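Notes to accompany the following structure.
The values are calculated or read from the model by the stated rules, or taken from the named source; none is laboratory data. Predicted model, so just to flag it, every value in this text is computed and none were measured. In this analysis, Cβ positions are derived from the backbone assuming ideal geometry, glycine residues included, and neighbour counts consider all displayed protein chains. Keep in mind that these areas ignore ligands, DNA and RNA; they rest on the heavy atoms of the full protein, side chains included. Shrake-Rupley method; radii C 1.70, N 1.55, O 1.52, S 1.80 Å.
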Amino acid sequence: MKKLPVGIQTFSEIINEDYLYIDKTGIACSLVNNFKYVFLSRPRRFGKSLFLDTLHNIFEGNRELFRGLLIEKQWNWEVMYPVIKISFSGGIDSKETLRKKLFYILNGNQKRLDIRCDEKEDPSQCFAELLEKAYEKYRYVFLSRPRCFGKSLFLDMLKNIFEGNRELFRGLLIEQQWNWEVTWPVIKIRFGGGIHSQETLCKNLFSILNDNQKRLDILCD
């Protein structure tokens, strides 16, 4: 009996270590052939990162990993695509941390794709340059966005937009589209696991509510 790949998010490790793998490569091929933009909205631990890593290996032409799988005879393995991989795992706690993380990600992709970008100050311009040069060199680009660049970061971006933190969005498209003179109170909701009793649930709820009252300068009776 094959081992179950619990917690493993790397396709090559599952195949090379002979873990149990349910063939989803036919779905991958269908998505690539029928759609240009795909958003994976499944919850955590539903295999999003593994599926993206599978696509990563498909586009890079790693045919040996797909021997005997459905996509082996459906894919043109003579064509290899450059893959730009973006992952914000590890957390972002400030604008400067985000900037450093972006350049770390972009520099890693430049090294892997054998591309050198001239832009060293603005990560958004560096990213645009990376896309342009990758396309010029390979004529195709596959953008891989694994976990942690998901709803948590997006919700935090919305929070900063509604709270009117315009300085964080300098040079971005929304700066010219949003009415920054109006600020909106944002309720921050946190979901926590490990609640084993009604008493613990009540304490967590009041902690969340008190946190929002303090941040919004509101006192509830």
Residue in segment 42-60 that is modelled with pLDDT of 90 or more, assigned to a loop (DSSP other than H, G, I, E, B) and farther than 30 Å from residue 168 by Cβ present: no
Leading residue by the ranking (modelled with the highest pLDDT) among those in segment 102-129 that are among the polar types (S, T, N, Q) and open to solvent by 20 Å² or more (accessible area, probe 1.4 Å): 107
Count - residues of segment 64-95 that are modelled with pLDDT of 85 or more and in a helix (DSSP H, G or I): 7
Positions within segment 81-100 being crowded, with 18+ Cβ neighbours inside 10 Å and without any contact (Cβ under 8 Å) to a residue 60 or more places away in the chain, in sequence order: none
Residue 74 within 16 Å of residue 138 (Cα to Cα) and touching a helix residue (DSSP H, G or I) at 6+ places or on another chain (Cβ under 7 Å): no
Boolean, residue 32 is exposed (fewer than 15 other Cβ atoms within 10 Å of the Cβ) and of a type in the set (Val, Ile, Thr): no
Residue match in segment 41-57 (condition: surrounded by 15 or more Cβ atoms within 10 Å (Cβ to Cβ) and in contact with a strand residue (DSSP E or B) (Cβ under 6 Å, 6 or more places away or on another chain)): yes
